[in-house]
Structure formats: structure tokens, C-alpha cells
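Accompanying notes for the structure given below.
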Amino acid sequence: MAREKQDRREDSELIEKLVHINRVAKVVKGGRRFGFAALMIVGDGKGRVGYGNGKAREVPEAIRKATDQAKRNMVRVPLREGRTLHHDAKGRYGAGHVTIRAAPPGTGIIAGGPMRAIFEALGVQDVVAKSHGTQNPHNMIKASIEGLRGTRSPRQVAQKRGKKVSDIVSRRESAHSSGE
């Protein structure tokens with residue numbers, strides 16, 4: 001019982017974005033049967049995001065299936081100051097290549113189509129992203145999620161290397177100042 005209440009509370013806090021609906025036709029003896037495929041992005045606005053694909057004979061059912069799948073496939077992405085990424089990332093899926101760059105405060109979300117929906121659901125406010133190759137929303141989303149999956153926070157890097165966070169962050173700051 002308590003688990004159901006917690007699930008409902010989490011569901012109400014989630015941001016759901018419909019990215020794409022595709023109408024497909026199956027030709028049968030009596031004519032055409034139409035079906036719909038929906039592509040959804042779901043995020044909590046605090047660093048978790050997922051995508052889902054649902055197919056059904058009617059649009060609302062396809063959206064519901066896609067939303068359920070997106071909730072099951074959520075990944076956590078570490079955010080810097082709750083507004084941008086810790087570092088630049090590249091993602092690739094099929095012919096979809098994306099470049100995602102962290103941005104200074106006030107930049108906003110500079111990204112096209114499906115990638116914008118991902119960043120809005122993720123809770124990122126400042127990011128610059130570019131899609132190369134395909135414009136297929138499925139491949140763009142999968143490439144973006146793949147790139148975001150590879151991002152690491154300084155704490156994660158420090159833990160993996162057995163060092164202090166201050167060692168890693170100080171190097172990053174000095175590298176930026178010497179490069180300018």
C-alpha cells in the first residue's frame with residue numbers, strides 16, 4: 001500500500017514529453033488497418049531521464065505504453081549545480097551522432113527537436129547540443145541518452161581513481177584558465 005502511494009507521488013512529479021507519433025497502416029482484405037507508434041521522454045527534472053516507444057491501435061494507448069516503458073528505462077545523469085553537465089559528451093547510435101556541451105549560466109537549451117525534450121525533462125538549463133547524421137527522432141534520442149550515460153561527476157572520477165575531489169576539480173579549473 002505504501003509503495004503504491006510512493007509510486008503515485010513520483011509519477012505526479014515526472015515530466016512527460018511526447019516527441020513523435022507515427023501512423024502505420026497494415027493492408028488487410030477489407031482495406032487498411034491503422035496503428036500508431038508513440039515516442040515519449042520522461043524525466044524528473046533533477047537528473048533522471050528515460051525514453052520509451054509504444055505501439056497500439058489508438059494514440060492514447062500508444063502514449064501510455066511508451067510512458068510506462070520510459071519510466072522503466074530511466075537513467076541518472078550527474079548535473080553540475082543542478083543546471084548543466086559536468087563535461088562535454090558525444091553519443092552515437094546507428095547513423096545518429098550527437099555532440100553535447102556544457103554551457104555557462106544564462107545560455108539556455110540550444111538543441112533541436114528530440115534532444116531539447118531530453119534536456120527539459122532532465123532538468124538541464126544550460127547546454128549546447130548538435131545532431132550530426134540522421135534526423136530520425138528514435139536514433140537522435142538513443143544517441144543522446146548514450147552520450148549522457150557516459151558523463152561522470154568529479155566525485156565519481158575521484159572515487160574511481162582513489163583521489164580527492166579537490167585534486168580533480170582544481171586540475172579542471174587550471175586547465176581551463178591556461179587554455180584561454
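Per residue, the convex hull spanned by the Cα atoms of region 2-75 amounts to 91 cubic angstrom. Full extension of the chain between Val169 and Asp68 yields a length gain of 32.6 nm, computed as 0.36 nm times the residue separation minus the alpha carbon distance. On a 29 Å Cα-Cα criterion, which of the cross-link pairs Lys46/Lys160; Lys142/Lys163; Lys17/Lys90; Lys17/Lys130; Lys65/Lys142 come out too long? As for pairs spanning more than 29 Å Cα to Cα, those are Lys142/Lys163.
Subtracting the Cα-Cα distance of Val24 and Arg155 from their residue separation scaled by 0.36 nm leaves 42.5 nm. When the helices in the chain are scored as -39500 (n - 2.57) per DSSP H run of 4 or longer and the sum is shared across all residues, what 222 nm value do you end up with, to the nearest 500 deg cm²/dmol? Calculated mean residue ellipticity at 222 nm is -12500 deg cm²/dmol. Taking a point 7 Å out from the Cα of Arg33 in the direction of its Cβ, the residues of region 45-73 whose backbone N falls within less than 11 Å of it are 57. Taking Cβ atoms as reference points and 12 Å as the exclusive limit, the residues near Ile145 contribute a net charge of +4, counting Lys and Arg as +1 and Asp and Glu as -1. Modelled spin labels at Arg57 and Lys90, positioned 7 Å past Cα toward Cβ, are 4.7 nm from each other. Angle of helix 2-13 to the longest C-alpha principal axis of the chain, folded into 0 to 90 degrees and rounded to 10: 80°.
Modelled spin-label separation between Glu81 and Gln135, with each label point placed 7 Å from Cα along the Cα-to-Cβ direction: 3.5 nm. Taking θ as phi - 60° and the Karplus parameters 6.51, -1.76 and 1.60, the scalar couplings of region 137-142 work out to x, 4, 6, 5, 5, 5 Hz in sequence order, x denoting glycine and proline.
FYI, it's all coordinate maths here, none of it is from the lab. All of these numbers come straight from a predicted model, not from anything done at the bench. In this analysis, Cβ positions are derived from the backbone assuming ideal geometry, glycine residues included, and neighbour counts consider all displayed protein chains.
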